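Engineer: Following this message is one structure expressed as structure tokens.
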Amino acid sequence: MEVRLERINKRFGAVQILKDIDLVFPSRKFVTLLGPSGCGKTTLLRMIAGLEDITAGKIWFGERVVNELAPRDRNIAMVFQSYALYPQMTVRRNLGYGLRVRGTPVSEIDTAVERVARILEIDHLLERKPAQLSGGQRQRVALGRAMVRKPDIFLMDEPLSNLDAKLRVTMRGELRRFHLDLNATTIYVTHDQLEAMTMSDLIAVMHHGVVQQYGTPAEIYSKPANLFVAGFIGSPPMNFLEGEISNRRFLVGDGSLPLPALQVEANAQKAVLGVRPQDLSRAPAAGQDTITGTISLVELLGSEKLVEVQLQNRKRMSIQLRADAFVEMGALFHLRFDPQRLHLFDKESGNIIPASN
Amino acid sequence: MRRLHALLSSDRAVGLLFIAPFVVTAIVFMVYPVVEAIRMAFYSYNPLRPDLSAFVGIANFEFLFSDPLFWDSLWQATVWTLLSILFQTILGVGIAMLLHRALFGMAFFRGLLLFPYIVPTVVIALIWRWIFNPEIGVVNYSLLASGIIREPVYWLSTPTMAMASTIMLNVWKYTPFVVICVLARLQTVPLELYDAAKVDGAGFIRRFIDVTLPQLREVLIVVIVFRTIWTFNKFEEIYLLTKGGPGTSTFNLAVYSFEQSMASLRLGVGAATGVVMMIMLLIGSIVYLRITKFGEEVR
Ligand SMILES: Nc1ncnc2c1ncn2[C@@H]1O[C@H](COP(=O)(O)OP(=O)(O)OP(=O)(O)O)[C@@H](O)[C@H]1O
Ligand SMILES: [Mg+2]
């Protein structure tokens with residue numbers, strides 16, 4: 001089922017939490033709401049679930065406005081950050097609760113519970129109570145409870161944040177698989193960009209209650225719409241240099257760099273240049289299109305080496321090199337910029353200055 | 001000498017030194033009276049002739065168990081305790097849930113709540129005697145004026161109404177205690193549990209049964225144990241309101257014990273009553289905690 005948000009606003013008292021959110025979650029897609037803590041992700045998800053009042057705007061499920069519909073009538077399922085399992089019930093009763101409340105016949109409940117338990121590989125835990133489960137097992141039960149009812153819309157609020165790093169990676173793949181099996185529209189909340197990038201069909205990047213950019217992971221990574229998205233997405237984070245555009249070159253401190261052709265040619269415009277550590281390379285010698293600095297830090301990340309270069313204006317840039325690259329602390333380093341892999345942002349608004357192509 | 005020095009300089013000794021005042025106080029004011037009461041239960045003791053005091057074996061208990069008033073008092077104490085606890089638990093949970101909602105003005109009511117609990121029982125009992133006075137009491141006046149009753153109700157002078165009044169007093173005075181315990185617990189119930197239940201389709205009543213009540217279980221068990229012990233042993237509320245009357249219709253075991261000791265000067269019988277009460281409460285509490293499996297729940 002398609003979910004559509006139309007100019008959704010949320011205020012708690014005088015504080016505006018969400019501003020004019022317009023989003024379409026296409027049927028059966030996995031869409032992630034991504035943003036830093038406190039940007040309003042949970043609030044938005046709870047509004048879609050019907051757990052939070054809508055200050056202004058409309059929420060559509062398919063052809064229907066659901067603003068006034070109680071959560072139980074929305075045919076949604078939700079996985080909560082703390083899992084919210086009923087502590088006094090066994091796993092079996094937790095899984096079957098939604099069906100039991102709706103008066104489903106016992107035999108049907110049993111079949112459904114056992115089917116889901118098998119899929120999630122928790123069938124040996126059915127008689128335990130939540131307190132007797134590990135974090136990962138609880139998480140599966142929470143997922144199972146949401147899956148049992150065959151919902152149209154599957155809502156998840158940071159379901160992996162309580163798991164250890166390794167389990168989180170495994171579960172990413174599994175959640176994606178469940179999504180494909182489930183055939184429901186999934187709306188997933190996280191502040192972890194890696195989760196968002198690896199699992200989603202579409203990502204909505206949020207900040208201060210506003211959607212900053214909505215697109216596929218690839219779009220968001222390669223064409224960030226503004227400084228916030230550019231800085232938030234990608235690891236290690238993008239490097240930024242402040243300077244000025246002049247004659248298709250970017251003047252920064254004592255150097256200058258070549259720029260790609262811009263859609264609207266700008267001159268003497270204050271701008272911020274962004275470049276990812278992966279998109280920088282090392283030039284053998286100083287030249288027209290390089291900037292030189294000294295190596296101030298080297299970090300081995302395993303398959304890569306992260307090198308920090310301090311420029312003359314004391315600004316630090318990080319560059320990702322192969323692990324076997326030879327670098328020496330304090331040595332000179334000539335940075336080469338690929339004009340096709342630069343991002344230019346207006347200094348005032350923070351918005352992208354699009355290149356022509 | 002050296003050993004004493006070593007003992008004094010050890011942490012253990014310092015610790016013992018710190019708790020010593022409490023231990024001494026406890027022995028003097030708690031252990032000694034209990035032991036003395038138990039001893040007295042096996043003696044015949046008349047405060048006017050202490051010289052005639054003598055060991056009588058289980059004669060006091062024999063007297064007790066053959067006294068019909070003892071059995072009446074036991075029955076009345078049970079009724080008064082069970083009904084008091086029942087009403088204050090139900091009311092207490094209900095009021096706590098109301099106060100838990102963040103409604104305007106609730107802070108004021110929360111403050112007001114402690115009032116009955118703070119006012120001394122003597123004051124309350126006297127006021128209640130006025131309130132329930134058949135001729136000039138405000139209760140009858142209101143009921144008559146609003147047409148709910150035609151004849152004045154003799155609140156404290158018929159056995160049933162007197163018992164009902166003492167129960168009402170107890171409920172009125174101690175419901176706030178239940179409310180405060182329950183309210184404190186309610187504030188720690190994870191809100192996501194309610195959200196999960198809403199999404200699962202549970203209405204208000206199911207959410208109460210499946211989310212709220214299980215979370216209140218432990219606190220209610222504790223509250224009920226303590227309230228039962230305190231109510232069963234309660235003396236002053238009944239005595240000040242009805243003196244155990246009319247007749248002996250509101251005697252409980254505490255009033256019975258008092259009357260045996262002070263009016264009939266049978267201190268041994270009074271003490272024996274106390275011992276019986278203690279044993280009954282002890283057995284009752286243990287059985288109750290076993291049945292409810294208190295503390296065995298894995299959290
Ligand atoms: N009931 C409430 N009353 C007032 N303010 C609230 C309430 N709930 C949330 N807020 C505020 O709304 C903002 C958004 O909260 P929300 O929980 O949606 O953030 P989030 O994006 O989910 O953050 P996180 O990643 O930390 O979970 C926060 O500033 C928070 O303080
Ligand atoms: Mg959140």
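The values are calculated or read from the model by the stated rules, or taken from the named source; none is laboratory data. No experiment lies behind these values; they were computed from the predicted model shown. FYI the Cβ positions are ideal-geometry reconstructions off the backbone, even for glycines, and counts take in every protein chain you see. Quick note on the areas: whole protein, heavy atoms, side chains included, nothing else; ligands and nucleic acids left out. Shrake-Rupley method; radii C 1.70, N 1.55, O 1.52, S 1.80 Å.
Engineer: From (1) surrounded by 22 or more Cβ atoms within 10 Å (Cβ to Cβ); (2) under 21 Å from A:VAL205 (Cα atoms); (3) within 9 Å of another protein chain (Cβ to nearest Cβ), pick out the condition that doesn't hold for A:LEU44.
Structural biologist: (3)
Every residue, every condition in (1) open to solvent by 10 Å² or more (accessible area, probe 1.4 Å); (2) free of Cβ contacts under 8 Å to residues at least 12 places away in the same chain; (3) in contact with a Phe, Trp or Tyr (Cβ under 8 Å, 6 or more places away or on another chain), yes or no:
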| residue | (1), (2), (3) |
| --- | --- |
| B:VAL269 | no, no, yes |
| B:GLY274 | yes, no, no |
| B:MET277 | yes, no, yes |
| B:LEU282 | yes, yes, no |
| B:ILE286 | yes, yes, no |
| B:ILE291 | yes, yes, no |
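Engineer: Ok, one more. Looking at segment B:157-169, is at least one residue crowded, with 18+ Cβ neighbours inside 10 Å and touching an Asp or Glu at 6+ places or on another chain (Cβ under 6 Å)?
Structural biologist: Within segment B:157-169, one or more residues are crowded, with 18+ Cβ neighbours inside 10 Å and touching an Asp or Glu at 6+ places or on another chain (Cβ under 6 Å).
Engineer: Every residue in segment A:48-67 that is assigned to a strand (DSSP E or B) and either within 14 Å of another protein chain (Cβ to nearest Cβ) or open to solvent by less than 20 Å² (accessible area, probe 1.4 Å) (or both), please.
Structural biologist: Correct list: A:ILE59, A:PHE61.
Engineer: Please verify whether segment B:198-208 includes one or more residues that are part of a helix (DSSP H, G or I), open to solvent by 70 Å² or more (accessible area, probe 1.4 Å) and of a type outside the set (D, E, K, R).
Structural biologist: yes
Engineer: Could you check, for segment A:18-40, whether at least one of its residues is without any contact (Cβ under 8 Å) to a residue 40 or more places away in the chain, open to solvent by 60 Å² or more (accessible area, probe 1.4 Å), under 29 Å from A:ARG102 (Cα atoms) and away from ligand 1 (no atom under 16 Å from the Cβ)?
Structural biologist: no
Engineer: Here is a follow-up. In segment A:161-195, what residues are in contact with a Lys or Arg (Cβ under 9 Å, 6 or more places away or on another chain), within 16 Å of ligand 2 (Cβ to nearest atom) and more than 14 Å from every other protein chain (Cβ to nearest Cβ)?
Structural biologist: A:THR190, A:HIS191, A:ASP192, A:GLU195
Engineer: Let me ask you something else. Of these, A:GLY35, A:GLY57, which one is small (Gly, Ala, Ser) and closer than 21 Å to A:THR216 by Cβ?
Structural biologist: Just one listed residue meets the conditions, A:GLY35.
Engineer: Determine, yes or no, whether A:VAL106 is under 25 Å from A:VAL66 (Cα atoms), open to solvent by 10 Å² or more (accessible area, probe 1.4 Å) and either in contact with a helix residue (DSSP H, G or I) (Cβ under 6 Å, 6 or more places away or on another chain) or away from chain B (no Cβ under 11 Å) (or both).
Structural biologist: Spelling it out, it is not the case that A:VAL106 is under 25 Å from A:VAL66 (Cα atoms), open to solvent by 10 Å² or more (accessible area, probe 1.4 Å) and either in contact with a helix residue (DSSP H, G or I) (Cβ under 6 Å, 6 or more places away or on another chain) or away from chain B (no Cβ under 11 Å) (or both).
Engineer: Could you grab the pairs with beta carbons closer than 9 Å, sequence gap of 6+ or different chains, first residue in segment A:44-61 and assigned by TED's automatic domain parsing to the domain that holds A:LYS19 and more than 15 Å from ligand 1 (Cβ to nearest atom), second one of a type in the set (Gly, Ala, Ser) and at pLDDT below 95?
Structural biologist: Here the result reads A:GLY50/A:ALA70; A:ILE59/A:GLY50, each pair linking segment A:44-61 to a residue that is of a type in the set (Gly, Ala, Ser) and at pLDDT below 95.
Engineer: Which residues, counting only those in segment A:137-186, are hydrophobic (A, V, I, L, M, F, W, C) and over 18 Å from B:ALA196 (Cβ atoms)?
Structural biologist: Residues satisfying the conditions are A:LEU163, A:ALA165, A:LEU167, A:VAL169, A:MET171, A:LEU175, A:PHE178, A:LEU180, A:LEU182.
Engineer: Moving on. May I ask you to list pairs of residues, at least six apart or on different chains, whose Cβ atoms are under 8 Å apart, with the first in segment A:307-330 being within 12 Å of A:THR292 (Cα to Cα) and the second being open to solvent by 30 Å² or more (accessible area, probe 1.4 Å) and assigned to a loop (DSSP other than H, G, I, E, B)?
Structural biologist: That search, which allows pairs on different chains as well, returns A:LEU311/A:GLY253; A:GLN312/A:GLY253; A:GLN312/A:ASP254; A:ASN313/A:GLY253; A:ASN313/A:ASP254; A:LYS315/A:GLY253.
Engineer: Could you check how many residues of segment A:253-288 are in a loop (DSSP other than H, G, I, E, B) and either under 33 Å from the mean Cα position of the chain (by Cα) or buried (at least 17 other Cβ atoms within 10 Å of the Cβ) (or both)?
Structural biologist: Selection size over segment A:253-288: 8.
Engineer: Mind listing just one residue for me: the one in segment A:48-69 that is of a type in the set (A, V, I, L, M, F, W, C) and within 16 Å of ligand 2 (Cβ to nearest atom) and, of those, farthest from the chain's Cα centre (by Cα)?
Structural biologist: In this case the residue turns out to be A:LEU51.
Engineer: B:LEU91 - would you say it is farther than 15 Å from B:VAL276 by Cα, out of contact with any Cys (no Cβ under 8 Å at 6 or more places or on another chain) and in a helix (DSSP H, G or I)?
Structural biologist: The answer is yes for B:LEU91.
Engineer: Could I ask something else about it? Please verify whether A:LEU45 is within 13 Å of ligand 2 (Cβ to nearest atom), of a type outside the set (Val, Ile, Thr) and assigned to a strand (DSSP E or B), treating the condition exactly as stated.
Structural biologist: Spelling it out, it is not the case that A:LEU45 is within 13 Å of ligand 2 (Cβ to nearest atom), of a type outside the set (Val, Ile, Thr) and assigned to a strand (DSSP E or B).
Engineer: In this structure, does A:LEU85 turn out to be closer than 19 Å to B:GLN215 by Cα, within 11 Å of another protein chain (Cβ to nearest Cβ), assigned to a loop (DSSP other than H, G, I, E, B) and open to solvent by less than 30 Å² (accessible area, probe 1.4 Å)?
Structural biologist: For A:LEU85, the condition - closer than 19 Å to B:GLN215 by Cα, within 11 Å of another protein chain (Cβ to nearest Cβ), assigned to a loop (DSSP other than H, G, I, E, B) and open to solvent by less than 30 Å² (accessible area, probe 1.4 Å) - is met.
Engineer: So, of the residues in segment A:70-82 that are more than 7 Å from chain B (Cβ to nearest Cβ), at pLDDT 90 or above and in a loop (DSSP other than H, G, I, E, B), which turns out to be farthest from A:GLY98 (Cα to Cα)?
Structural biologist: Looking at the filtered set, the residue picked out is A:ALA70.
Engineer: Which residues, counting only those in segment B:209-228, are open to solvent by 50 Å² or more (accessible area, probe 1.4 Å) and either more than 13 Å from every other protein chain (Cβ to nearest Cβ) or touching a helix residue (DSSP H, G or I) at 6+ places or on another chain (Cβ under 8 Å) (or both)?
Structural biologist: Within segment B:209-228, B:VAL222, B:PHE226 qualify.
Engineer: Out of (1) touching a Leu at 6+ places or on another chain (Cβ under 6 Å); (2) among the hydrophobic types (A, V, I, L, M, F, W, C); (3) away from chain B (no Cβ under 14 Å); (4) in a loop (DSSP other than H, G, I, E, B), what's the single condition that is false for A:CYS39?
Structural biologist: (1)
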